[in-house]
Amino acid sequence: MSDFDFPSYEGAPAPAPAPAPPPRPAPQYLGTLNEGQRQAVEALDGPVLVLAGAGTGKTRVLTTRLAHLLYMRRAFPSQMLAVTFTNKAALEMRERLEKMIGASSEGMWLGTFHSIAARILRRHAEVVGLKQNFTILDTDDQLRLAKQILQAAGFDDKAVPARSLLGAIERWKDRGLTPDKVGAKDRPDLANGKAPDLYRAYQERLLEVNAADFGDLLLHNLTIFNTREDILADYQRRFRYILVDEYQDTNVSQYLWLRLLAQQHKNLCCVGDDDQSIYSWRGAEIGNILRFEKDFPGAKIVRLEQNYRSTPPILAAASGLIAKNAGRLGKTLWTSSAGGDKVVLKPLWDGIEEARWVGDEIEALQRKGQALSQIAILVRTGFQTREFEERFITMGLPYRVLGGPRFYERQEIRDALAYLRLVHQPADDLAFERIVNVPKRGLGTSTLEQIHVVARAAHVPLTDAAAQLVGSDELKPAARRSLGDFLASLDRWREAARSLPHTELTEVMLDESGYTAMWQADKSPDAPGRLENLKELVNAMAEFENLEGFLEHVALVMENTERGGGDMVSLMTLHGAKGLEFDIVFLPGWEEGLFPSQRSMDENGLSGLEEERRLAYVGLTRARKRAFISYAANRRIHGQWQSAMPSRFVDELPADHVELVAEPGLPTGARGGFSEFSQSDSWPRTRVMAPRSFKAPLIEGRATRVSDPIPKGSGKYQSGDRVFHQKFGYGTVGAVSDDKLSIHFDKAGSKMVIANFVTRADAEGRIG
């Protein structure tokens, strides 16, 4: 029998332990660990917090600790709970563990928070009013349900967007709050203060359809544990050892869930890095890891500080930067390797020059044999990718955007471009279809089908067909009025295009259409980024003389799409880079207001600044061999050039581990030019000015149900002709004006209709 072989065991607590066997020889795998790693693996009893710095072998410690628990016969596999944040991490841990023990890990509770919680909920669904075969809703289903709840409560989707309600509900669930626990201080400025009532109705509806959303999985677990002591006691006895990965990213619900399960044996081992807590906007609570010793008295703290990824200068720069944070438990990364290039600091004149410099550096590295796949550009926000993408396309440098689409492929950019195309070219039917009901104007599928019917019959563009319908009685009044307002806006913008610069025209159009206000009202985490992308679109347009030139440029850029795999530079946000590593990392845009983000500091104060600093630390520690930081003296913000000052993070980097690489004309100084920048005319120390927000929408559409499409007719008509209309019935033609007919219908009265929507009828009423 192998040292790791166990009889199958599932269910109640293990039998009373037998007398202690003689000590077992130390397993060979312990000899492969460094001192810190071995301490983390061998500290089996009581609460343990493993502070695992970037690149310190965290996954190795996690799997070795699980193997060691099995080797030491501390528990059956089914008495061990290992929780991760992603399915990928869970799969990697299981594969490594099985390779290490040479046996299956079947029976071990190893998975994500949500998968483990769902497994428990299936067993005890009736406690919270569900059946065991309950459905877990995806985002689309949640939105549909939220819209139903809002509609039933009398709220218009424009006044209270379903996404905003779901965002509030998600935040409550992340904090472990059921509808009855939502207090006055927890109420958002939403739905006239009735958001908690809508939350209650949403939860009741979920039970009616025997469903749960992802937030419910943990929330229902908490309800079960807090109302059924017998069920909680069973799981407390079962899980003798609990292991948690990425503890710094846990939210309040996850924290409460873990704390309840660990109360009996208290053998809770949490692995994480307080210096890499960067997801507060997703509900992560850094306080969970900072107060671990208070929550679990007598806890052992093990620090993993030996880094196996980066060079000494990179680690020293990152450690010096993060040391400025007050809210941390403290550790210093080090490596046994020697040498390595200092972190490069590169001041540049503007963002365009920054993209050119990065591209040139990458080409130089490629000529020296560096694989492009091991080069990454990490930006603070998504809009920053645009200048790099366009530069790389010009150079023919292959790249990929990780974690999101390319700039001109993003939803909000495609929508804005559709507006611009339709203003520039009224016959652009694809653009018309895309934005005729974006934002919602009450113009649904039926209305669009009617427009298509007229367009096909008359062989005219959709805008012309829509104008014909507006001039008739074919549509219901609300839809006709909304479509008319939309067409009037298009005419107004086309007229404005004769005198306004194309950048200003875009701002006016996005404001007056209500498109910007739509994203301002959206409470999803990605909404602010979409607004920033729209501002960056205006910046991009400013580089062209007119709208026609810009639209032609975009069309050519869109042709340069990614073609399969191959050796490519990776372009992504800093948030998306966590957990990844590259030989070479470029960190552009280190300017005050951009990074650290002014919005983050305005909304969260000191805690926001410290999270921004942790994000900088994460960026630096992604680099194995070389790291390049750049910052520009000028940025085009909302179409206007404005001076920028270097990020405070640049000042905080230890001078001994950075190297300034400045072109003639830009100042240099003892600490990378920081002191001289504050006095130099060529680098004004003025704060980055926040761009003005788009105005609120001027046009407001109402959701309306429209009639079904009407069959087209044929032929020319004269006054006195008898005709039939599917909607209005039989009638007699009065006046004739081009393709419109004034008809007195036998039952519906006088109406103005489009000729193609009627068919000829004879005196006896036969249609022919």
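The values are calculated or read from the model by the stated rules, or taken from the named source; none is laboratory data. Predicted, not measured: the structure shown is a model, and the values here were computed from it. A quick note on method: Cβ atoms are made from the backbone with ideal geometry, for glycine too, and the neighbour counts reach across all protein chains shown. For the accessible areas, the whole protein counts, side chains as well, though only heavy atoms, and no ligand, DNA or RNA atoms are used. Shrake-Rupley method; radii C 1.70, N 1.55, O 1.52, S 1.80 Å.
Tell me whether region 143-155 contains one or more residues that are out of contact with any His (no Cβ under 9 Å at 6 or more places or on another chain), assigned to a loop (DSSP other than H, G, I, E, B) and touching a residue at least 12 places away in the same chain (Cβ under 8 Å).
Checked region 143-155: at least one residue is out of contact with any His (no Cβ under 9 Å at 6 or more places or on another chain), assigned to a loop (DSSP other than H, G, I, E, B) and touching a residue at least 12 places away in the same chain (Cβ under 8 Å).
Can you pull out the residues in region 488-530 that are part of a loop (DSSP other than H, G, I, E, B) and either hydroxyl-bearing (Ser, Thr, Tyr) or over 30 Å from GLY167 (Cα atoms) (or both)?
Of everything in region 488-530, those that are part of a loop (DSSP other than H, G, I, E, B) and either hydroxyl-bearing (Ser, Thr, Tyr) or over 30 Å from GLY167 (Cα atoms) (or both) turn out to be ALA497, ARG498, SER499, LEU500, PRO501, SER513, SER524.
Do we have LYS158 as at pLDDT below 90, open to solvent by 10 Å² or more (accessible area, probe 1.4 Å) and among the basic types (Lys, Arg) here? Here the answer is yes, as LYS158 does meet what is asked. Among strands (runs of 3 or more DSSP E) entirely within region 294-402, having at least 1 residues that are acidic (Asp, Glu) and on the phi < 0 side of the Ramachandran plot singles out 343-350.
All of SER489, SER499, SER513 fail the test of being small (Gly, Ala, Ser), closer than 22 Å to ALA416 by Cα and surrounded by fewer than 18 Cβ atoms within 10 Å (Cβ to Cβ), apart from SER499. Taking ASP230 as the residue in question, decide whether it is open to solvent by 10 Å² or more (accessible area, probe 1.4 Å) and either part of a helix (DSSP H, G or I) or touching a strand residue (DSSP E or B) at 6+ places or on another chain (Cβ under 7 Å) (or both). Criteria met by ASP230. From the list ARG400, ARG380, ARG414, the lone residue that is under 21 Å from ARG624 (Cα atoms), under 24 Å from the mean Cα position of the chain (by Cα), of a type in the set (D, E, K, R) and open to solvent by 40 Å² or more (accessible area, probe 1.4 Å) is ARG400.
Take the residues in region 116-138 that are of a type in the set (A, V, I, L, M, F, W, C) and in a loop (DSSP other than H, G, I, E, B); name whichever of them is modelled with the highest pLDDT. This residue is LEU130. Taken together, the residues in region 336-355 that are closer than 20 Å to PHE383 by Cα, open to solvent by 50 Å² or more (accessible area, probe 1.4 Å) and in contact with a strand residue (DSSP E or B) (Cβ under 8 Å, 6 or more places away or on another chain) amount to 2. Residues of region 695-742 being closer than 22 Å to ALA458 by Cα, of a type in the set (S, T, N, Q) and at pLDDT below 85, which ones? Matches in region 695-742: SER707, SER714, GLN726, SER737.
Residue pairs whose Cβ atoms lie under 8 Å apart, sitting 6 or more positions apart in sequence or on different chains, and linking a residue in region 201-217 that is under 13 Å from THR178 (Cα atoms) to a partner that is open to solvent by less than 30 Å² (accessible area, probe 1.4 Å) and among the basic types (Lys, Arg), are GLY215/LYS173; ASP216/LYS173. Among the residues of region 388-400, the ones that are over 17 Å from ALA371 (Cβ atoms), in contact (Cβ under 8 Å) with a residue 40 or more places away in the chain and of a type outside the set (Phe, Trp, Tyr) come to 3 in all.
Just to check your reading of the model, which residue among LEU130, LEU110 is open to solvent by less than 50 Å² (accessible area, probe 1.4 Å), in contact with a strand residue (DSSP E or B) (Cβ under 6 Å, 6 or more places away or on another chain) and either under 30 Å from LEU66 (Cα atoms) or not β-branched (Val, Ile, Thr) (or both)? Step by step, each of LEU130, LEU110 is checked, and only LEU110 is open to solvent by less than 50 Å² (accessible area, probe 1.4 Å), in contact with a strand residue (DSSP E or B) (Cβ under 6 Å, 6 or more places away or on another chain) and either under 30 Å from LEU66 (Cα atoms) or not β-branched (Val, Ile, Thr) (or both).
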